[in-house]
């Protein structure tokens, strides 16, 4: 039983409510692992005043389903949740939630990290930061690319 829940939205979300809903009614869940990403106030040596996230509706959801399908083939996971916000965001705002349930923690940790590494490197989202120097598009970091590359070896 693997249920996949994906939402791309402008609205904020409540972490406790989302995790509670994800594990509700599944007595086989022994582990819930989650990652919550937020907007930082500094990046690459510049103050970040705001960030705007864009995506292609339909294409983004398909890409996320594909990566979760890959996670299901690698690990024994039960449910997955990805919420990714788009639109204008400010420092401290929540951007993304990835949550995975499993009978055991190791499976949930690995699957959550795999999904998050994909989101940082290959998912069709575009980030533009507003800094005192002006607007700039944000690319994946070399460290993000290296994190994703290790999954390709497995």
Inset, instruction - For the range 128-143, indicate whether the set of residues that are within 18 Å of residue 35 (Cα to Cα) and either at pLDDT 95 or above or in contact with a strand residue (DSSP E or B) (Cβ under 9 Å, 6 or more places away or on another chain) (or both) is non-empty. - result: no
Inset, instruction - Could you list, in sequence order, all residues of the range 1-28 that are part of a loop (DSSP other than H, G, I, E, B) and within 18 Å of residue 113 (Cα to Cα)? - result: 2
Inset, instruction - Output the residues belonging to the range 35-47 that are assigned to a loop (DSSP other than H, G, I, E, B) and surrounded by fewer than 14 Cβ atoms within 10 Å (Cβ to Cβ). - result: 40, 41, 44, 45
Inset, instruction - Being loosely packed, with under 11 Cβ neighbours inside 10 Å and in contact (Cβ under 8 Å) with a residue 24 or more places away in the chain is the filter here, so list the residues in the range 48-58 that pass it. - result: 57
Inset, instruction - Only one of these is touching a helix residue (DSSP H, G or I) at 6+ places or on another chain (Cβ under 7 Å), more than 23 Å from residue 11 (Cα to Cα) and at pLDDT 90 or above: 111, 103. Name it. - result: 111
Inset, instruction - Working only within the range 59-78, note down all residues that are over 12 Å from the mean Cα position of the chain (by Cα) and surrounded by 21 or more Cβ atoms within 10 Å (Cβ to Cβ). - result: 71, 77, 78
Legend entry - Some residue of the range 84-100 being without any contact (Cβ under 8 Å) to a residue 60 or more places away in the chain, within 13 Å of residue 60 (Cβ to Cβ) and either more than 14 Å from the chain's Cα centre (by Cα) or surrounded by 17 or more Cβ atoms within 10 Å (Cβ to Cβ) (or both): no
Inset, instruction - Hey, can you tell me all the residues within the range 14-34 that are surrounded by 16 or more Cβ atoms within 10 Å (Cβ to Cβ) and under 14 Å from residue 94 (Cα atoms)? - result: 18, 34
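The values are calculated or read from the model by the stated rules, or taken from the named source; none is laboratory data. None of the values given here were measured: they were computed from a predicted structure. Counting neighbours? That spans all protein chains shown, and the Cβs are built from the backbone with ideal geometry, glycine included.
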